[in-house]
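Q: The structure is given below, and queries will be raised subsequently.
The values are calculated or read from the model by the stated rules, or taken from the named source; none is laboratory data. Keep in mind that what you see is a predicted model, and the values were worked out from it rather than measured. Here the Cβ positions follow ideal geometry from the backbone for every residue, glycine too, while neighbour counts run over all protein chains shown.
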Amino acid sequence: MSLGHVLSEEEARELRRRFADWDFISRQPPKIREALKYYIEKGDLYVAARIAGLKVEEFNELRIKAGIPNVA
Amino acid sequence: MSRRVFAIADTCFLIDWARFRRKDMLFKLFKAVFVPEDVLNEVRSEETIAWISSALSRDYLALYTPSRDEVNEARQLIEESRLKPHIPSVDLPEAICLVAGRRRGYVVLTENRGALLIPKFMSRYSGVVVWRSLEVILNAILEGVVEIDCSKPGELFSEYSRDTLHIFPTKALNRAVEEVKRKCLGK
């Protein structure tokens, strides 16, 4: 069964912004920092990992360390 | 091939799912879950590599190599979706899964919000079944492939949220928990 309800882009972004550890993010090297900020805005793990120059799994670990939830 | 026998998971879904303590429940729901080849390039931890390679060796997971024609349709889907401002962007990995879902009846497993919305807004893909982790867990419970404690109907969803730092939309989560309660009551 499919539950259907999907949050709007704005609602999902707001949750990622609210939970993110901005201090952790600001302490990262530029590529990582920008990739985390991209993830907060778009929620796209694959592209964010490409920006960071990391594998998806590595970036996913970083997402969790930065406190950014996957919202879906 | 009938729906629900096979699923196709995008790389991001599988890598996130791999953190879940009850990740093997996925293999009780489907005969096989296809994954794009690039999933192997996107894992690093020994634990995840071991889980994926073990599942491949037991035929629970299978690599999916899209045909040229499928890639062309996926690129067309990306272009069409980008012309619709109310659909979040979809990239090639999710688009290929949606094409496989449409052509082969596979359930598409993804957390990509664009991929979740495409069946609602693009008639060509209206028959594609797309599940998030929320629907995978709910269907596993409803089909009895995983044991639950009926005094805690939301516990499995909470476990997933904790293991993967995931937030489910409240409305969809509440609906899922209500379904679990109904199952517990035998309705």
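Q: Tell me which residues, restricted to the stretch A:17-49, are buried (at least 16 other Cβ atoms within 10 Å of the Cβ), at pLDDT 95 or above, part of a helix (DSSP H, G or I) and not β-branched (V, I, T).
A: Correct list: A:R33, A:A35, A:L36, A:K37, A:Y38, A:Y39, A:A48, A:A49.
Q: I need the full set of residues from the stretch B:90-101 which are free of Cβ contacts under 8 Å to residues at least 40 places away in the same chain, closer than 14 Å to B:S67 by Cα and crowded, with 24+ Cβ neighbours inside 10 Å, in order please.
A: Step one: list which residues in the stretch B:90-101 are free of Cβ contacts under 8 Å to residues at least 40 places away in the same chain, which gives B:90-92, B:95, B:98-99.
Next, from what is left, pick out any that are closer than 14 Å to B:S67 by Cα: B:92, B:95, B:98-99.
B:A95, B:L98, B:V99, listed by residue number.
Q: Somewhere in the stretch B:56-63, is a residue at pLDDT 95 or above and assigned to a helix (DSSP H, G or I)? Steps first, please.
A: Taking the stretch B:56-63 as the starting set, the residues that turn out to be at pLDDT 95 or above are B:56-63.
Cutting the leftovers down to assigned to a helix (DSSP H, G or I) gives us B:56-57.
Checked the stretch B:56-63: at least one residue is at pLDDT 95 or above and assigned to a helix (DSSP H, G or I).
Q: Right, something else. Within the stretch B:12-41, how many residues turn out to be at the interface with chain A (Cβ under 10 Å from one of its Cβ atoms) and within 19 Å of B:T164 (Cα to Cα)?
A: Residues flagged as at the interface with chain A (Cβ under 10 Å from one of its Cβ atoms) and within 19 Å of B:T164 (Cα to Cα) within the stretch B:12-41 amount to 8.
Q: Within the stretch B:94-116, track down each residue that is closer than 19 Å to A:V71 by Cβ and out of contact with any His (no Cβ under 9 Å at 6 or more places or on another chain). Show your work before the answer.
A: Filtering the stretch B:94-116 for residues closer than 19 Å to A:V71 by Cβ gives B:94, B:108-116.
Correct list: B:E94, B:V108, B:L109, B:T110, B:N112, B:R113, B:G114, B:A115, B:L116.
Q: Name the pairs: first residue in the stretch B:33-60 and of a type in the set (G, A, S), second residue assigned to a helix (DSSP H, G or I), Cβ to Cβ under 7 Å, at least 6 apart or on different chains?
A: What qualifies is B:S45/A:E57; B:A55/B:F27.
Q: I've got another one for you. Being part of a helix (DSSP H, G or I) and surrounded by 14 or more Cβ atoms within 10 Å (Cβ to Cβ) is the filter here, so list the residues in the stretch B:157-167 that pass it. Full working, then the answer.
A: Within the stretch B:157-167, the first condition is being part of a helix (DSSP H, G or I), and the residues that meet it are B:157-164.
Scanning the stretch B:157-167 gives B:F157, B:E159, B:Y160, B:S161, B:D163, B:T164.
Q: Right, next: Go through the residues of the stretch B:142-156 one by one and say whether even a single one is touching a residue at least 12 places away in the same chain (Cβ under 8 Å), within 14 Å of another protein chain (Cβ to nearest Cβ) and surrounded by 18 or more Cβ atoms within 10 Å (Cβ to Cβ).
A: For the stretch B:142-156, residues touching a residue at least 12 places away in the same chain (Cβ under 8 Å), within 14 Å of another protein chain (Cβ to nearest Cβ) and surrounded by 18 or more Cβ atoms within 10 Å (Cβ to Cβ): absent.
Q: Restricting the search to the stretch A:57-72, which residues are among the small types (G, A, S) and at the interface with chain B (Cβ under 7 Å from one of its Cβ atoms)?
A: A:A72
Q: List pairs: first residue in the stretch B:163-187 and under 16 Å from B:L142 (Cβ atoms), second residue among the acidic types (D, E) and not in a loop (DSSP other than H, G, I, E, B) anywhere in the structure, Cβ distance under 9 angstrom, at least six positions apart or on different chains.
A: Close Cβ pairs satisfying both conditions: B:A172/B:E135; B:A176/B:E135.
Q: So is B:R44 within 12 Å of another protein chain (Cβ to nearest Cβ), part of a loop (DSSP other than H, G, I, E, B) and modelled with pLDDT of 95 or more or not? First the steps, then the outcome.
A: Working: within 12 Å of another protein chain (Cβ to nearest Cβ): yes; part of a loop (DSSP other than H, G, I, E, B): yes; modelled with pLDDT of 95 or more: no.
No; evaluated as a whole, the condition is false for this residue.
Q: Quick one: would you say B:N72 is at pLDDT below 95, surrounded by fewer than 21 Cβ atoms within 10 Å (Cβ to Cβ) and either within 13 Å of another protein chain (Cβ to nearest Cβ) or over 21 Å from B:V145 (Cβ atoms) (or both)?
A: On the way: at pLDDT below 95: no; surrounded by fewer than 21 Cβ atoms within 10 Å (Cβ to Cβ): yes; either within 13 Å of another protein chain (Cβ to nearest Cβ) or over 21 Å from B:V145 (Cβ atoms) (or both): yes.
No, not satisfied.
Q: Scan the stretch B:102-115 and tell me whether some residue there is at pLDDT below 95, crowded, with 21+ Cβ neighbours inside 10 Å and among the basic types (K, R).
A: Yes; the residues of the stretch B:102-115 include at least one that is at pLDDT below 95, crowded, with 21+ Cβ neighbours inside 10 Å and among the basic types (K, R).
Q: Same structure again: Run A:E14 past the list (1) assigned to a helix (DSSP H, G or I); (2) of a type outside the set (K, R); (3) at the interface with another protein chain (Cβ under 9 Å from one of its Cβ atoms); (4) over 11 Å from the mean Cα position of the chain (by Cα) and report the number of the one that doesn't hold.
A: (3)
Q: Quick one: in the stretch B:116-137, which of the residues that are among the aliphatic types (A, V, I, L, M), assigned to a helix (DSSP H, G or I) and at the interface with chain A (Cβ under 8 Å from one of its Cβ atoms) is surrounded by the fewest Cβ atoms within 10 Å (Cβ to Cβ)? Steps first, answer last, please.
A: Filtering the stretch B:116-137 for residues among the aliphatic types (A, V, I, L, M) gives B:116-118, B:122, B:128-130, B:134, B:136-137.
Imposing the further condition that a residue be assigned to a helix (DSSP H, G or I) reduces the set to B:116-118, B:134, B:136-137.
Filter once more, so that each one left must be at the interface with chain A (Cβ under 8 Å from one of its Cβ atoms): B:116-117, B:134.
On the way: B:L116: 25, B:L117: 20, B:L134: 23.
Taking the candidates together, the pick is B:L117.
Q: If you don't mind, another one. Of the residues B:A172, B:A140, only one is closer than 25 Å to A:V56 by Cβ and either assigned to a loop (DSSP other than H, G, I, E, B) or modelled with pLDDT under 95 (or both); which? Before the answer, list the steps.
A: On the way: B:A140 fails: either assigned to a loop (DSSP other than H, G, I, E, B) or modelled with pLDDT under 95 (or both).
On inspection, the qualifying residue turns out to be B:A172.
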